[in-house]
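*Asks:* Encoded as structure tokens, here's the structure I'll be asking about.
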Amino acid sequence: MSKSTIICDTEPWKDLKAHVEDMKKTHLRELMTDTERCKSMMVEFDGIMLDYSRQCATLDTMDKLFKLAEAACLKQKITRMFNGERINITENRPVLHIALRASRDAVIHCDGKNVVPDVWQVLDKIREFSERVRSGSWLGATGKALTDVVSIGIGGSFLGPLFVHTALQTEPEAIGCARGRQLCFLANVDPIDIARNIAGLNPETTLVVVVSKTFTTAETMLNARTLREWISSALGPQAVAKHMVAVSTNLTLVEKFGIDPNNAFAFWDWVGGRYSVCSAVGVLPLSLQYGFSTVEKFLKGASSIDQHFYSAPFEENIPVLLGLLSIWNVSFHGHPARAILPYSQALEKFAPHIQQVSMESNGKGVSIDGVVLPFEAGEIDFGEPGTNGQHSFYQLIHQGRVIPCDFIGVVKSQQPVYLKGEVVSNHDELMSNFFAQPDALAYGKMPEQLRNENVTENLIPHKTFSGNRPSFSLLLPSLNAYNIGQLLAIYEHRVAVQGFIWGINSFDQWGVELGKSLASQVRKQLSASREKGEPVKGFNFSTTTLLTKYLEASAD
Ligand code: F6P
């Protein structure tokens, strides 16, 4: 494909456009009767099983999607990413989050330099620091052990670590490692978030970790200043050195803020914010809570998927299969959304994290060469753990719009419960739903079945399920640190596959800038009005009226 060719102009894309019309005539009910097809649509790697037989696709569809991957130069693009080439061209940066979880002896070059020793230098520093804090050899200003950690950060400096923390919170081994310790996250600049986070915390026993790639993000910096004040007003300004550390790529600004550079943990501009959970962004707070060795297992799980993604043939490659079939659903079937449905409460923060990874990466309107896309890229991600979601939005998924679903199940529960007298364990009860929902979506329920059940005619339209609704089933052996790392990397790479096929830059995020600069104009106006009584000016009628009302009503 030449540089300026848009993927929708290629033969494989056009072929898939024609093919989808045929596929729309075939119901999943019919496709599911072909056992050979279903057998071919199951893959397993390192304990993880992906079943994509409930996609509205045949083996012929898969061949066509592999041809599309070829036309998009998917293999070459993956290789360029792993080779540290500057594939994020609008920011002139490599995309090397895979280096963050590479083994100590791996060699990954960026601008001719092996970056793995730098990665491990920071990991070793985190290991040493977290052990000192956890063992009580690093004490607070008043000589007390620092048992509580507040991690301040937003977006990629928050969502990934929160997801992993939430997933580990009930994991038996991790529980043992976290005994007597507390980790919380302060993200929103909303003073309510501050109040909720510091309620019950004692500055004497609290360590604050300021996490910001740029160290300029307005919300994070204001929250950091607020907690610096909270510490120094309680313990004196000299206490900041013992109670505040930082994670950033901008060590100059860290020092300017007043944090000792020795207490700063670096990462690099080749790590995108939303891909930074395996850097000090996630590794530091998680190691403080669970110990470095737990976090190391998480990194190993992610690394295992990195190797698989890099080297497995596309026919067996879990992130590639997920990515290609998502393209099939979005760009050919025209389904713009995707539901992420983990049947594990421990994964309750997975969908919010993937929302950023996916939507900030692929929510783009132009190709990587700057050409306006003649099709819509990206998808709308949302989700809730099962079975909670079933009692919320599943009605729409079953009888309203078609939303492709990712069902994520776990074989062994982190916290198994078996009540005497119950037919199945609580986990079996949960998993019964995990297994039933994909079939309910795929097969539906026809009027004839309802008539056989003596349903009255007036209710038949209401009780009919059209079916033919696609889903993936992803089955994990358990939910320990290693598996959590695997799950993260599968989704990160799936998003990259989609971006590579659509031909967009999945690694920049210019779309978040406009709102930030308009907020800065409003901020200036608010301070000029409050401090000097200046009237609101320079905004449209609507904003002027709202701002004036806000200023008047909040004046006293
Ligand atoms: O506003 C979006 C964003 O730039 C994200 O991409 C990033 O994860 C987040 O803000 C936080 O940025 P930083 O880590 O630089 O504070």
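*Asks:* I'd like the residue in region 351-386 that is within 16 Å of the ligand (Cβ to nearest atom) and among the aliphatic types (A, V, I, L, M) and, out of all such residues, is surrounded by the fewest Cβ atoms within 10 Å (Cβ to Cβ).
*Replies:* Ranking the candidates gives Met359 first.
*Asks:* Okay, next question. Collect the residues in region 114-130 that are charged (D, E, K, R) and either surrounded by 16 or more Cβ atoms within 10 Å (Cβ to Cβ) or at positive phi (or both), keeping them in residue-number order. Walk me through how you get there before you give the answer.
*Replies:* Looking only at region 114-130, we keep the residues that are charged (D, E, K, R), and these are 118, 124-125, 127-128.
Within region 114-130, Lys125, Arg127 qualify.
*Asks:* How about region 339-350: which of its residues are part of a loop (DSSP other than H, G, I, E, B) and away from the ligand (no atom under 16 Å from the Cβ)? Write out each step before concluding.
*Replies:* Step one: of region 339-350, the residues part of a loop (DSSP other than H, G, I, E, B) are 343-344, 348-349.
Scanning region 339-350 gives Tyr343, Ser344, Glu348.
*Asks:* Is it the case that Phe500 is within 16 Å of the ligand (Cβ to nearest atom) and either among the hydroxyl-bearing types (Ser, Thr, Tyr) or crowded, with 24+ Cβ neighbours inside 10 Å (or both)? Steps first, answer last, please.
*Replies:* Working: within 16 Å of the ligand (Cβ to nearest atom): no; either among the hydroxyl-bearing types (Ser, Thr, Tyr) or crowded, with 24+ Cβ neighbours inside 10 Å (or both): yes.
No; evaluated as a whole, the condition is false for this residue.
Table: residues versus (1) of a type in the set (Ser, Thr, Tyr); (2) in contact (Cβ under 8 Å) with a residue 12 or more places away in the chain; (3) not assigned by the TED database to the domain that holds Ser151.
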residue	(1), (2), (3)
Thr216	yes, yes, no
Thr220	yes, yes, no
Ser233	yes, no, no
Gln238	no, yes, no
Val247	no, yes, no
Lys256	no, no, no
Ile259	no, yes, no
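*Asks:* Which residues, counting only those in region 35-55, are surrounded by fewer than 15 Cβ atoms within 10 Å (Cβ to Cβ) and assigned to a loop (DSSP other than H, G, I, E, B)?
*Replies:* Once the filter is applied, which keeps residues that are surrounded by fewer than 15 Cβ atoms within 10 Å (Cβ to Cβ) and assigned to a loop (DSSP other than H, G, I, E, B), region 35-55 yields only Asp46.
*Asks:* While we're here: Let me confirm something: among Val283, Val271, which residue is touching a residue at least 40 places away in the same chain (Cβ under 8 Å), β-branched (Val, Ile, Thr) and within 13 Å of the ligand (Cβ to nearest atom)?
*Replies:* Testing whether each residue is touching a residue at least 40 places away in the same chain (Cβ under 8 Å), β-branched (Val, Ile, Thr) and within 13 Å of the ligand (Cβ to nearest atom) leaves just Val271.
*Asks:* Related question: So, in region 307-321, exactly how many residues are surrounded by fewer than 23 Cβ atoms within 10 Å (Cβ to Cβ) and either among the acidic types (Asp, Glu) or under 26 Å from Gly155 (Cβ atoms) (or both)?
*Replies:* 2
*Asks:* Further question on the same structure: Quick check on Ser506: is it at pLDDT 95 or above and under 20 Å from the mean Cα position of the chain (by Cα)? Let's see the steps before the verdict.
*Replies:* On the way: at pLDDT 95 or above: yes; under 20 Å from the mean Cα position of the chain (by Cα): yes.
Spelling it out, Ser506 is indeed at pLDDT 95 or above and under 20 Å from the mean Cα position of the chain (by Cα).
*Asks:* Given the structure, is Arg80 surrounded by fewer than 18 Cβ atoms within 10 Å (Cβ to Cβ), assigned to a helix (DSSP H, G or I) and of a type in the set (Lys, Arg)?
*Replies:* On the way: surrounded by fewer than 18 Cβ atoms within 10 Å (Cβ to Cβ): yes; assigned to a helix (DSSP H, G or I): yes; of a type in the set (Lys, Arg): yes.
Against the criterion (surrounded by fewer than 18 Cβ atoms within 10 Å (Cβ to Cβ), assigned to a helix (DSSP H, G or I) and of a type in the set (Lys, Arg)), Arg80 qualifies.
*Asks:* Keeping to region 408-437, report how many residues are in contact with a Leu (Cβ under 9 Å, 6 or more places away or on another chain), of a type in the set (A, V, I, L, M, F, W, C) and over 24 Å from Glu173 (Cα atoms). Step through it out loud before you land on a result.
*Replies:* The initial filter retains those residues of region 408-437 that are in contact with a Leu (Cβ under 9 Å, 6 or more places away or on another chain), namely 408-414, 425-426, 434, 437.
Subset that is of a type in the set (A, V, I, L, M, F, W, C): 408, 410-411, 434.
Checking the rest, the ones that are also over 24 Å from Glu173 (Cα atoms) come to 434.
Number satisfying all stated conditions: 1.
*Asks:* Return a yes/no flag: does region 397-411 have any residue that is over 27 Å from Glu30 (Cα atoms) and more than 16 Å from the ligand (Cβ to nearest atom). Give the derivation first.
*Replies:* Restricting attention to region 397-411, the residues satisfying the condition of being over 27 Å from Glu30 (Cα atoms) are 410-411.
Then drop every residue that is not more than 16 Å from the ligand (Cβ to nearest atom), which leaves 410-411.
For region 397-411, residues over 27 Å from Glu30 (Cα atoms) and more than 16 Å from the ligand (Cβ to nearest atom): present.
*Asks:* Within region 503-534, restricting attention to residues that are part of a loop (DSSP other than H, G, I, E, B) and free of Cβ contacts under 8 Å to residues at least 12 places away in the same chain, which residue is surrounded by the most Cβ atoms within 10 Å (Cβ to Cβ)?
*Replies:* Initially, region 503-534 is screened for residues part of a loop (DSSP other than H, G, I, E, B), giving 503-509, 533-534.
When the remaining residues are screened for being free of Cβ contacts under 8 Å to residues at least 12 places away in the same chain, the result is 533-534.
Details: Gly533: 8, Glu534: 12.
Applying the filter and picking the extreme gives Glu534.
*Asks:* Cβ contacts < 7 Å: first residue surrounded by 13 or more Cβ atoms within 10 Å (Cβ to Cβ), restricted to region 5-33; second residue aromatic (Phe, Trp, Tyr), any location; separation 6+ or different chain. Result?
*Replies:* Ile7/Trp13; Ile7/Trp502; Cys8/Phe375; Leu16/Phe332; Val20/Phe332; Arg29/Tyr443
*Asks:* Let me ask you something else. Please specify each residue of region 258-280 satisfying the condition of being in a helix (DSSP H, G or I) and farther than 13 Å from Phe129 by Cβ. Break it down into steps so the answer makes sense when it comes.
*Replies:* The initial filter retains those residues of region 258-280 that are in a helix (DSSP H, G or I), namely 261-263, 273-275, 280.
Scanning region 258-280 gives Pro261, Gly273, Arg274, Tyr275.
*Asks:* Still on this model: Outside any helix (DSSP H, G or I) and not aliphatic (A, V, I, L, M): is that true of Thr90 in this structure? Show your work before the answer.
*Replies:* On the way: outside any helix (DSSP H, G or I): yes; not aliphatic (A, V, I, L, M): yes.
Yes; evaluated as a whole, the condition is true for this residue.
*Asks:* Before we move on, is Ile98 farther than 28 Å from Ile7 by Cβ, among the β-branched types (Val, Ile, Thr), more than 16 Å from the ligand (Cβ to nearest atom) and crowded, with 19+ Cβ neighbours inside 10 Å?
*Replies:* Numbers: farther than 28 Å from Ile7 by Cβ: no; among the β-branched types (Val, Ile, Thr): yes; more than 16 Å from the ligand (Cβ to nearest atom): yes; crowded, with 19+ Cβ neighbours inside 10 Å: yes.
Considered against the rule, which asks whether it is farther than 28 Å from Ile7 by Cβ, among the β-branched types (Val, Ile, Thr), more than 16 Å from the ligand (Cβ to nearest atom) and crowded, with 19+ Cβ neighbours inside 10 Å, Ile98 comes out as no.
*Asks:* Which ones in region 37-92 are among the aromatic types (Phe, Trp, Tyr) and either on the phi > 0 side of the Ramachandran plot or touching a Ser or Thr at 6+ places or on another chain (Cβ under 6 Å) (or both)? Steps first, please.
*Replies:* First, the residues of region 37-92 that are among the aromatic types (Phe, Trp, Tyr): 45, 52, 66, 82.
Result: no residue meets the conditions.
*Asks:* Are there any helices (runs of 4 or more DSSP H) wholly within region 139-257 with 2 or more residues that are within 13 Å of the ligand (Cβ to nearest atom) and within 30 Å of Ser413 (Cβ to Cβ), and if so which?
*Replies:* Numbers: elements: 159-168, 172-178, 191-198, 218-235, 240-243, 251-257.
Filter on region 139-257 gives 159-168.
*Asks:* Six or more apart or on different chains, Cβ atoms under 7 Å: show the pairs whose first residue is in region 388-412 and touching a residue at least 12 places away in the same chain (Cβ under 8 Å) and whose second is surrounded by fewer than 20 Cβ atoms within 10 Å (Cβ to Cβ) and polar (S, T, N, Q).
*Replies:* As it stands, the answer is Gln390/Asn433; Val410/Ser478; Val411/Ser478; Lys412/Ser478, since those pairs meet every condition given.
The values are calculated or read from the model by the stated rules, or taken from the named source; none is laboratory data. Every value quoted in this text rests on a predicted model; they were computed, and no experiment measured them. For neighbour counting, all protein chains shown are included, and Cβ atoms are generated from backbone atoms with ideal geometry for every residue, glycine included.
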